[in-house]
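Here's the structure, in structure tokens; my notes come after.
Readers should treat all values here as calculations from the given coordinates under stated rules, not as data from a laboratory. The model shown is predicted, which means the values in this text are computed figures rather than measured ones. Cβ atoms come from the backbone with ideal geometry, glycine included; neighbour counts cover every protein chain shown.
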């Protein structure tokens, strides 16, 4: 794939903001390694958001996440989502 | 305050059209859940449904709507159940058009079961479809009002799964207040892509027929149906027609999460407490509960926690959603009708599909057909999406 | 029962109450859109981001009242369509993606009861909760329910409100049903229009109600409703309403009528305003907010301020000036599509 990791990461962040309708959040404000879910996270995403992210990955990146439990690990932070997209593309 | 009596029942579900058909399958422990053959959706291959085994055309035939082109399936189901209830209660034209006769119905889907038409109309793709005037939640109520010439109070409620339970509760309150003498109360919901896909997106549908109160339950099974009760005040009722009495009801909000019940079961507990208090009934006087029992991990667990908050020893309980699936807005009234069956015939129907009872609770759902047991007070629970919880208590006539 | 506080997000500056000092918006577009506040700050962003307009307006009007009146016990909401935009967005996903993997938020937000549910959630209200979807009578349903709750003696403060949003989708359906005008608004008072159809509006109006109070804004004394009436029914209902409240026709000093510019439906209002209550002042409100199913909630918001003696609203809403009497007994008479009719009796 020609897309660099940085480009992919930026694209992913833009989609996350759009799908989750994150108000007043710019892509550059989301750290690649900040926790996305749970009360310690800045964005405080919840279980409904995890389903939205599953849809986002499928529609925008053609990547399947088969169940929410698997999703929990993949969606820990932006880096882990990008890792998952990259490894799915390699397979 | 006027006492509130039930004089008519009408029901249509996957167990059949009419009281007799429903009662027979309840007694025989025969579920109505299976593969859908009328409902069109990608999910009919992978999921199970509690479908009413009549096409829209057949429903038009049996409800005297042969010439109609714009009645939604929700409305057709409503017509069937309403007619059965009104007929049993023997309401005359004069009764129906009195200012003191009202109607309170409910629906989650309304006419939105006509997915393609709605898509075209809402996006203004073409000329208006034949169903253009059928979509609103209240539309089926309006059709019933027109058919029966109802001039008194009217209402349509949508609190998701507790809707028709709230309709029964409001009807009883209006009669008690002296404002109405008679009320037709209930609700209707047809299978629809909107709700099937909605619940599927939330990942709470089971890929097998639902097994409420089973340790390995996987989620809910959607169903369709309609039910109506005729409530009448003490002042006007013909005592020979009385089937049961509505003596207690309570509504509360769980206020915890949009789609899960609080671990302490706050909403369900409050609703049951209010119903008992209003009914002047002690917890140990409840002989049977028709539980909300959807078959989701969360509901069944929190419902049992709710029972343990109220009852030292929970009474016999079952979930008839194991027969009909979750009929959404119609669930409250259909399950209340089944409560009245238990009161009338001193029997309790088995909860189906339980292989392993839930761990951590002493009480277990009833799994056998029980007859010859005195059921004097029956409780019906409906706990809706968004935390709207309602509990109603019925008393033997 | 008594109104002690209120809040509205309407196609006028009602939220910051600019209308009370004469800052009216003169609508000359086909849809009267609500003037929404900036919700950031009092609705948590994490929840606000998911809310469609109906939910935003409902929570935006209802939540501040809950925050100011911590002893509110129950929440009663009227909305015919709920979050119709979210609903159709979800439906569009169903069709466009052929029932493939879908996002749940639109579905969860679209159900009519999500407004009452989210107000309860945010306000931590575990009391009575209900949503009425009965078209043009849904708001009246909430009022009667509140009245019953007070009579039943277990509640002493309630939040009731009506919300309706307009989206392209809901507008399309109602337009195809012939409910709206097809020509742009004229500069004259559009209520004198000779064409069919109304102008579509939207909004949310919420009220804090109590059963008894020494200090209050106005009193909702009684109400009634009917579906598919004839003129005799309307007369009978009017007579019943007045007699059971010990009032004569002459006691009604003001009527607030739901004229909406649809020439087909004027006769009902003409009858009430010009024959039945020919000595009462006639006020209108739909030139301010347009037509939508629960707009009697907007009428009540305006009327409450009329009862406070607001002069600019008085002149803006006055259609027929028949006397100089102060407001004491007012009747809101409204119908939706001439199918669902209601009366709300409001007193000083």
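Highest mean packing comes first when the peptides C:27-35, B:48-56, A:30-38 are listed by Cβ atoms within 10 Å, giving B:48-56, C:27-35, A:30-38. Three semi-axes describe the equivalent ellipsoid of the stretch C:137-226; taken as square roots of 5 times the Cα gyration tensor eigenvalues and ordered largest first, they are 36, 15, 12 Å. Per the Kirkwood formula applied to alpha carbons, the protein assembly as shown shows a radius of gyration over Rh ratio, Rg over Rh, of 0.96. With the convex hull of its Cα atoms as the shape, the stretch B:4-241 has an orientation-averaged projected area of 14.0 nm².
Mean per-residue shielding of peptide B:132-143 is 5, counting Cβ atoms of other chains within 10 Å of each Cβ.
For chain B, the Stokes-Einstein estimate of translational diffusion at 25 °C and a viscosity of 0.890 mPa s comes to 120 µm²/s, using the Kirkwood hydrodynamic radius over alpha-carbon pairs.
For chain C, with a Gaussian network of springs between Cα atoms less than 10 Å apart, report the residue from C:336, C:139, C:90 with the top mean-square fluctuation. Judging by the Gaussian network model, the answer is C:90.
For peptide B:246-259, what's the mean number of Cβ atoms from other chains within 10 Å of each residue's Cβ?
Numbers: counts 0, 0, 0, 0, 2, 5, 7, 15, 5, 13, 4, 5, 13, 5.
The mean count of partner-chain Cβ atoms within 10 Å per residue comes to 5.
Which semi-axis lengths, in whole Å and largest first, follow from the square roots of five times the eigenvalues of the Cα gyration tensor of chain C?
Working: eigenvalues 188, 122, 69 Å².
Semi-axis lengths for chain C are 31, 25, 19 Å.
How much length, in nm to one decimal, is gained on full extension between residue C:29 and residue C:219, taken as 0.36 nm per residue of separation minus their Cα-Cα distance?
Details: separation 190, 0.36 × 190 = 68.40 nm, distance 3.50 nm.
Here the answer is 64.9 nm.
With neighbour counts taken as other beta-carbon atoms within 10 Å, the residues B:150, B:175 rank, fewest first, as B:150, B:175. Modelled spin-label separation between residue B:368 and residue B:346, with each label point placed 7 Å from Cα along the Cα-to-Cβ direction: 1.8 nm. Ordering B:114-125, B:355-366 by mean Cβ neighbour count within 10 Å, with the highest value first, yields B:114-125, B:355-366. Taking other C-beta atoms within 10 Å as the exposure proxy, B:113, B:210 rank B:113, B:210 from fewest upward. Take every pair of alpha-carbon atoms less than 8 Å apart whose residues are at least six positions apart; their mean separation over the length of the stretch C:2-210 yields a relative contact order of 34 percent. Per residue of peptide B:196-208, the mean number of Cβ atoms on other chains within 10 Å of the residue Cβ is 5. What residue among C:95, C:166, C:208 has the largest mean-square fluctuation in a Gaussian network model of chain C, using Cα springs under 10 Å? Of C:95, C:166, C:208, the most mobile in the Gaussian network model is C:95.
From Cα pairs below 8 angstrom and at least 6 apart in sequence, can you work out the relative contact order of the stretch B:4-241, rounded to a whole percent? Display every interim value, and only then the final one.
Working: 511 pairs, mean separation 70.8, N = 238.
Relative contact order, the stretch B:4-241: 30 percent.
Over every Cα atom in the stretch C:218-347, the radius of gyration and the widest Cα-Cα span, Dmax, amount to 13.3, 36 Å. Estimated at 0.36 nm per residue, the fully extended path between residue C:236 and residue C:168 surpasses their Cα-Cα distance by 20.5 nm. Spatial offset of the stretch C:25-72 relative to the stretch B:197-230 amounts to 34 Å, using the alpha carbon center of each.
Relative contact order of the stretch B:157-225: what whole-number percent is it, with Cα pairs under 8 angstrom and at least 6 residues apart? Kindly include the intermediate steps, with their values, before the conclusion.
Details: 60 pairs, mean separation 16.6, N = 69.
For the stretch B:157-225, the relative contact order is 24 percent.
Peptides B:203-209, A:40-46 ranked from most to least packed by the mean count of surrounding Cβ atoms within 10 Å: B:203-209, A:40-46.
How many angstrom lie between the Cα centre of the stretch C:200-256 and the Cα centre of the stretch B:81-155? So the separation of the two Cα centres works out to 26 Å.
Which of B:11, C:59 comes first, and how do the rest follow, when ranked by fewest Cβ neighbours within 10 Å?
Details: B:11 32, C:59 27.
Listed from fewest to most nearby Cβ atoms, that is C:59, B:11.
Averaging 1/r across all pairs of distinct Cα atoms in the stretch B:248-396 and inverting the result yields a Kirkwood radius of 15.0 Å. The helix-only estimate of mean residue ellipticity at 222 nm for the protein assembly as shown, built from DSSP H runs of length n ≥ 4 each weighted as -39500 (n - 2.57), is -10500 deg cm²/dmol after division by the residue total.
Largest mean-square fluctuation among B:47, B:220, B:231, in a Gaussian network model of chain B whose springs join Cα atoms under 10 Å apart, belongs to B:47. Maximal additional length on extending the residue B:239-residue B:177 stretch stands at 20.3 nm, based on 0.36 nm per residue less the C-alpha distance.
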